[in-house]
Amino acid sequence: MTPAAHRLCLWMGPVLTLMYLSGFIFLAKFAPIPPPNIAADQLVAWLSGHKTSYQLGCLLMLVAGGLLAPWGASLSIWTWKTESRFPVIFAAEIASLAAATALFVIIAIFWGLASYRVGQISPEITQMLFDAGWFLFLWVGPPFYLWAFFFGLGILWNPPAHQMFPRWIGFFTMASALCWSMGVMMVFFRSGPTTFAGMLPTWIPLGDFFTWMVLVSILGFRAIRLQTRMCREEDGPGLGVYAPRWDDPIEEPGWVIRGAALLTETPRNEVDFAAEALRTERV
């Protein structure tokens, strides 16, 4: 992987932020959000009044949701880089990120469904689909909260001498995940600041999320610059992590560890590996 590829994936975070907020606020016109106690007929009239703009906003949010995967991968790779032979935290991050991306995309689908036959079907059905979008928006977060928790944990558990991110961003990430989880309270209320149209479940977590995303992206670019400088300062041949030269030698390691056995040479195939392991056990 080169710095250009890493930066390209990391840029998906700021692009996601711009696209999602543009679709959410300016096209779908979710500022202010129609409250859950609005009459079904009023909701239909609101959707019909800007149907095309609303649908374009849903489409923009749909596309933006898919950008979560490359952006999250560009950050999770730092966890993989710092873990040992069993990168369990990295594996947990990737699994959580895949689930979060799939769910993040589905949100806009339900909002789009609410407008597809608006005015042609029962207003109550339109309202139900609209509500379903908000339930998804505020209730499908746990996989991403888990990803954020493991990302922050990977930063905090990394030895200080090898940290590419400052430790405070690890604590801030975990605190932000708690802030985002306030959205689950909306199921208990249909009026006031604790509904899906209110400050506590939606606007405060939303502001915190995109602020955190931009901040982590900035620190991610800083980490790439640091890693690039470290690779340029490496002594000896070695490929490093970034920007290998075409004349860099590709050398296989002289030993590998399997279980409790230390093999003196890298096995050429599975048969060699089994034979070497058997000889080691007999000794």
Tabulated pairs, region 113-134, first modelled with pLDDT under 95, second exposed (fewer than 14 other Cβ atoms within 10 Å of the Cβ) and assigned to a helix (DSSP H, G or I), C-beta under 7 angstrom, 6+ apart or interchain: Gly119/Ser48
Answer yes if at least one residue in region 82-103 is more than 30 Å from Gln227 (Cα to Cα) and assigned by TED's automatic domain parsing to the domain that holds Gly49, and no otherwise. yes
Tell me yes or no: at least one residue of region 48-57 is without any contact (Cβ under 8 Å) to a residue 12 or more places away in the chain and of a type outside the set (Ser, Thr, Tyr). yes
Unique match (being among the hydrophobic types (A, V, I, L, M, F, W, C), at negative phi and surrounded by 19 or more Cβ atoms within 10 Å (Cβ to Cβ)) among Trp212, Trp203: Trp212
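Conditions tested, residue by residue: (1) in contact with a helix residue (DSSP H, G or I) (Cβ under 6 Å, 6 or more places away or on another chain); (2) at pLDDT below 90.
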position	(1), (2)
Gly141	yes, no
Leu146	yes, no
Ile155	yes, no
Gln163	no, yes
Phe172	no, no
Ala175	no, no
Restricting to region 1-46, and then to whatever is closer than 30 Å to Trp80 by Cβ and of a type in the set (Ser, Thr, Tyr), can you tell me which residue is surrounded by the fewest Cβ atoms within 10 Å (Cβ to Cβ)? Thr2
Regarding Thr173, is this residue crowded, with 20+ Cβ neighbours inside 10 Å, free of Cβ contacts under 8 Å to residues at least 60 places away in the same chain and in a helix (DSSP H, G or I)? yes
So if I check each of Ile25, Ile38, Ile77, which one is closer than 27 Å to Met128 by Cβ and within 23 Å of the chain's Cα centre (by Cα)? Ile25
Scanning region 178-193 for residues that are within 17 Å of Asn37 (Cα to Cα) and in contact with a helix residue (DSSP H, G or I) (Cβ under 8 Å, 6 or more places away or on another chain), the one surrounded by the most Cβ atoms within 10 Å (Cβ to Cβ) turns out to be Met186
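The values are calculated or read from the model by the stated rules, or taken from the named source; none is laboratory data. It should be emphasised that the depicted structure is a prediction, and the values quoted were computed from it without experimental measurement. Every residue, glycine as well, gets a Cβ built from its backbone with ideal geometry; the counts of neighbours run over all protein chains shown.
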